[in-house]
1. Which residue pairs have Cβ atoms closer than 8 Å, lie 6 or more positions apart in sequence or on different chains, and pair a first residue in the stretch 95-106 that is farther than 15 Å from residue 34 by Cα with a second residue that is surrounded by 13 or more Cβ atoms within 10 Å (Cβ to Cβ)?
2. Being surrounded by 17 or more Cβ atoms within 10 Å (Cβ to Cβ) and within 23 Å of the chain's Cα centre (by Cα) is the filter here; which residues of the stretch 61-89 pass it?
3. What pairs come out if I take residues in the stretch 66-91 that are under 21 Å from residue 56 (Cβ atoms) and polar (S, T, N, Q) and pair them with residues that are at pLDDT 95 or above and exposed (fewer than 14 other Cβ atoms within 10 Å of the Cβ) whose C-beta lies under 8 Å away, six or more apart or interchain?
4. Mind telling me which of the residues 101, 82 ends up being at pLDDT below 95, farther than 30 Å from residue 122 by Cα and assigned to a helix (DSSP H, G or I)?
5. Give the residue, chosen from 116, 110, 37, that is surrounded by 14 or more Cβ atoms within 10 Å (Cβ to Cβ), assigned to a helix (DSSP H, G or I) and at pLDDT below 95.
Amino acid sequence: MPNHNIDELDAKIREALGEEDRALMAHFEEQGLLGQLGGLFKGKLAWLSIATFIIGTILTIIAVYAAWQFIIADDIASMLRWGGLTWIAGTSQMMIKLWSWMRMETNRTLREIKRLELQIIRMEAA
C-alpha cells in the first residue's frame, strides 16, 4: 500500500526548490533495481563487488556441475561427495548474493542521508 503522505511531502519539497536544486536532488532520487545493482560497481568498494561477482559466478557453475554429478553418480559415497559440494557451493553463492543485497541497501540509505543533508544545508542557507 503506497504511503500518500510521503508522496505529498516529496511533492511539496520539489515545489519549494529552485531549478538548480531540483536538478541536484534528481541526482539523489530513488533508483530502480538495476540502478542499485549498477551502483555496486562504483565507488571505493567496486573492486570487491567485481571480485564477489566473479566468485559467485564460479560458485554457481560449480554447484550446477556438482548437482549434475550427484544425479548421475552410481554409488552412495560419490553421491554424498557431490551432494556436499553442491550444498557448500550453493550456500556460499547465496551468502555472496545476500552480501550484495545488503550493500545495495546501505547505498540506498547513504543516498537518503545525503538528500537530507542537502535539504538541511539549503534550509540553513535560505
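1. The qualifying pairs are 96/52; 96/55; 96/56; 96/59; 99/52.
2. Listed by number, the residues that qualify are 63, 89.
3. Close Cβ pairs satisfying both conditions: 69/78.
4. Working: 82 fails: at pLDDT below 95.
That would be 101, the only listed residue that is at pLDDT below 95, farther than 30 Å from residue 122 by Cα and assigned to a helix (DSSP H, G or I).
5. On the way: 116 fails: surrounded by 14 or more Cβ atoms within 10 Å (Cβ to Cβ); 110 fails: surrounded by 14 or more Cβ atoms within 10 Å (Cβ to Cβ).
After applying the criteria, what remains is 37.
The values are calculated or read from the model by the stated rules, or taken from the named source; none is laboratory data. All values derive from a computational prediction rather than experimental measurement. When we count neighbours, we look across all protein chains shown, and the Cβ atoms used for this are built from the backbone with ideal geometry, even at glycine.
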